[in-house]
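Report on the structure given below.
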Amino acid sequence: GVSKLLDLEKLCVLGHGNYGTVYKVRHRQTSAIYALKVIRADPDASQQPYQQSHEMKILISTDSPYIIKCLGAYESLAGEKAIVMEYMDAGTLDTLLKANGPFPESSIAHIGYQVLSGLNYLHAFNIFHLDIKPSNLLVDKNMNVKIGDFGVSKIMPESDPPDYWDIYVGTYAYMSPERLDSNMYDPRFVSAADIWSLGVTLLELYVGHFPFLPPGEKPNWMQLVLITRYGEAPSMPKEASEELRGFISCCLHKEPNKRWTALQLLSHPFICGKGRLED
Ligand code: ATP
Ligand code: MG
C-alpha cells in the first residue's frame, strides 16, 4: 500500500486545477505510479466552495471500475491536503479531443456507457458529481474512462433533502437550465443535472467544440441561460445516426424531470447497440 507521502517521489505535474496541483508520482519501494492531488492550505476556508472532505469521503467510499480509485488521503499540520489516486496514463477526454480531434460515434457510445455506469453507481448512493465535463473524465491507453474530480460534488442527506442546495458551483458551460436559474431548483431532480452535463460533454466530443455555439465561440453566463432555457436543441451533423440524435435529446431535455436517468440511458439503443461492443 501507499503508507506515507514521504515514500512518493514527484515525477512531473499532470495538471493545475482551481484548488491545487496534480502530480505524477512514483512509490519508491514498489516503483508503482500514482497521481497525487495536492490542495493548497486555505487561510480562509469559509470563502472556498471546494469541499475537500467531500472529495476524500466520496473517493474513499466508492468502488467502481468507472470511478477513480483513491489509495490514501493525508492532511499536513499546515492544512495542506493530498489525495493519492490511481494514475490514468492517457490524460483526460479534453486533452484527447484537443490532440486527436472529434471522436467517432462508436467511441462516443463506449465513453457514454462507461460514464453512465459510473453515474448510475453514484446516483444510487445519493452522490451527485455536478462537474461532469471532458477535463474531469480520465482515460487510460485502453480507452477505459473513469470519473474524477469530486471537488464540488454533493452527498444528499438521506433523511430530508434540503429546500435549498448550493449546486451553482462547477463549470457553467456544462450546467443544466435548472442550475443556471435557482427558481427552477428541485431537490428531487439533482441527478438530472449530471445527465445534462454528460449530454453536453458527449456532443462536444462528437462535434469537436461547445455544441450550442459555432466553433471557437465560448458562451457568457447570460447567453448560456438563454440558450439552455429557451434555445433550440443544438444542431447535429448530417451524418449523425438516429440513435445518437435520440440519445442526446434524452440527455438534454430542458425540464429535469423529463431527462432520462443514468439507468434508463444505459438501455438506450445508442448505448446498447454500440457502447458495449468494444467493452
Ligand atoms: P479543475 O479545477 O481544472 O477541474 P481540479 O483542481 O479540480 O481541476 P482535477 O480535475 O482533479 O483538479 O485534476 C486536474 C488535472 O490533473 C486533470 O485535468 C488531469 O489532467 C490531471 N489528473 C487528475 N487526476 C489524474 C489521474 N488520476 N491520472 C492522471 N491525470 C490526472
Ligand atoms: Mg477538474
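Read-outs throughout are calculated quantities, based only on the coordinates presented, and are distinct from any laboratory measurement. Just so it is clear, the model here is predicted, and its values are computed rather than measured. No Cβ is skipped: glycine too gets one built from the backbone with ideal geometry, and neighbour counts run over all protein chains shown.
How much length, in nm to one decimal, is gained on full extension between Met222 and Ser249, taken as 0.36 nm per residue of separation minus their Cα-Cα distance?
Stretched fully, the Met222-Ser249 segment lengthens by 7.5 nm.
When every alpha-carbon pair in the chain is counted, what percent end up more than 30 Å apart?
30 percent
Please report, to two decimal places, log10 I(q)/I(0) for the stretch 81-155 at q = 0.11, 0.12 Å⁻¹ as given by the Debye formula with identical point scatterers on the Cα atoms and no solvent.
Values returned for q = 0.11, 0.12 Å⁻¹ are -0.29, -0.34.
Of the peptides 118-127, 179-188, 250-259, 233-242, how do they stack up when ordered by the mean number of other Cβ atoms within 10 Å, highest first? Provide the component values of the computation, followed by the final result.
Working: 118-127: 19.5, 179-188: 13.9, 250-259: 17.6, 233-242: 12.0.
Highest mean packing first, the order is 118-127, 250-259, 179-188, 233-242.
Out of Ala82, Ala32, Ala262, any idea which swings most in a Gaussian network model of the chain, alpha carbons joined below 10 Å?
Answer for the Gaussian network model of the chain: Ala32.
Can you give the Rg/Rh ratio of the stretch 79-221, where Rg is from the C-alpha atoms and Rh is the Kirkwood radius?
Working: Rg = 15.7 Å, Rh = 16.1 Å.
Ratio value, two decimals: 0.97.
Just subtract the alpha-carbon distance of Glu232 and Cys272 from 0.36 nm times their residue separation and send over the number in nm, one decimal. Can you show the working numbers first?
Working: separation 40, 0.36 × 40 = 14.40 nm, distance 2.72 nm.
11.7 nm is the gain from fully extending Glu232 to Cys272.
Please report, largest first and rounded to whole Å, the three semi-axes of the ellipsoid equivalent to the stretch 172-244, where each semi-axis is the square root of five times an eigenvalue of the C-alpha gyration tensor.
Sorted largest first and rounded, they come to 22, 15, 10 Å.
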